[in-house]
Amino acid sequence: MTIPALGFGTAAIKGRVSHRQGADALERAYVAGVRHFDTARSYGWGAAEGVVGNFIRRHPRGDIRLVTKCGILPVDHSPLLSLSKSIARTIIALAPGLRSHVRRVASTETFRPTHTYDVDEMVKSLRTSLHELGLSYIDDLLLHNFGADKPGVEEIVEWFKVLQLSGVIRRFGFSVEGDLRAGLDFLARRDLLDGAIVQAPVSQTLLALPAEWRNVAFIAHSPFTFLSKQAANGEKSQAFRDLFLRLRDACRCEAVVCAMYDPAHLTQNVAVWRSCAETSVE
């Protein structure tokens, strides 16, 4: 079986990670061999895609697989937002123990993004994404934080298919952060999974998918959050390499996305990924 690609997650860029730190990390990842990059219209309070776009312009477009998302709209840019982000990064750098407090402030109404299933809003969101990324097409466009309890998903998929036929996107899919089995059941009942890809955090559910879901393409993210929870729950310790191989065998996993802003962390992850690829070849 083919080993999943190692993906770079950009959610922290222009949030807890500055423009320069994010740009440098993207470049390091590319040099190390990473070609899958994951972003979203809402990341970095709407500013992450611009950093990713500047990075992509420096490299052959065909080398990069770019995943972005629509459905969560960032708050409007303002001097207050820019100042608040700068102060938050400084606080975290000087006092890491206050990270949870900063997150609570960031989740207040002033800074909270808006969830929408309105196709007109999605159109504007995608137009902005293409502009910020400097791209004429997106490899994978996902509905961000899909929920089975929200009406309107059928209309969004119809729009996705029009985009696909016109060449604006290569493929569409769903970012499922809640109950994965319930999300898959909902999408399958409405025949919305055909040709789609599903992005979800690493979980026991993903690692133990029944045979009926083995043909669905997945992107897994947050592997280290999963491993940390396992350790906190007193479960048997598991190495990232073992988890990578389990994902390869458990589902049709195309990529495993991590946040790799620390050079040492990137080096370790790339080494694991290459080791797994060599194992798969053997």
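The charge dipole of the chain, taken about its Cα centre with unit charges on the Cβ atoms of Lys, Arg (+1), Asp and Glu (-1) only, comes to about 800 debye. Protection proxy ranking, highest mean first, for peptides 222-232, 266-276, 49-59: 49-59, 266-276, 222-232, where packing is the per-residue count of other beta-carbon atoms within 10 Å, averaged.
Peptide packing: for 251-257, 162-168, 212-218, the average count of neighbouring Cβ atoms within 10 Å per residue gives the ranking 251-257, 212-218, 162-168, highest mean first. When each of the peptides 62-68, 190-196 is scored by how many other beta carbons lie within 10 Å of its residues on average, the order from highest to lowest is 62-68, 190-196. Across every pair of non-identical alpha carbons in the chain, the mean reciprocal distance, once inverted, gives a Kirkwood radius of 19.6 Å.
Read-outs throughout are calculated quantities, based only on the coordinates presented, and are distinct from any laboratory measurement. Because the structure is a prediction, the values reported are computed rather than measured. Every residue, glycine among them, receives a Cβ derived from its backbone with ideal geometry; neighbour counts consider all protein chains shown.
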